[in-house]
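Peer 1: First, the structure itself, so that you have it in front of you.
FYI, it's all coordinate maths here, none of it is from the lab. Quantities reported herein were computed from a predicted structural model and do not represent experimental measurements. All Cβ positions, even for glycine, are placed from backbone atoms using ideal geometry, and neighbour counts span all protein chains on display.
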């Protein structure tokens, strides 16, 4: 079953269960997927859908932080609840140790030796960790390992 089929099925289940938060979040996600399909002029495969979900999770995280900074905890909690629902559709997130192993392997493969080589390393690392790791964390770990 594709990820989009899973979303459709889960949306129907949320509708039957009268789970308004889950239903709303899935509808917003399906809308974002449809907008991306219109943008590229075709249907999305599961990897592209994971990219859309990752973007949505990042938007929710940033919005929640902004609401917390502006003393709006009720809105921040809503964003965090939506983020949790969206994360259910992402692959299991990699731990820092697993990320460091992947980054070290790419650094050795590319022959990177200094922070100047960050661009060479980030591309392959992000390709290997798409949907499984936060880009901000990957960036920070790559910097640390290259500065080493």
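Peer 1: Keeping to segment 105-126, report how many residues are part of a helix (DSSP H, G or I) and over 17 Å from residue 136 (Cα atoms).
Peer 2: Residues flagged as part of a helix (DSSP H, G or I) and over 17 Å from residue 136 (Cα atoms) within segment 105-126 amount to 8.
Peer 1: Filter segment 92-117 for residues that are closer than 28 Å to residue 60 by Cα and loosely packed, with under 15 Cβ neighbours inside 10 Å and give the result.
Peer 2: 92, 93, 95, 96, 97, 98
Peer 1: Moving on to the next point. For the structure I just gave you, tell me whether residue 60 is without any contact (Cβ under 8 Å) to a residue 24 or more places away in the chain, surrounded by 14 or more Cβ atoms within 10 Å (Cβ to Cβ) and either over 20 Å from residue 50 (Cβ atoms) or in contact with a helix residue (DSSP H, G or I) (Cβ under 7 Å, 6 or more places away or on another chain) (or both).
Peer 2: no
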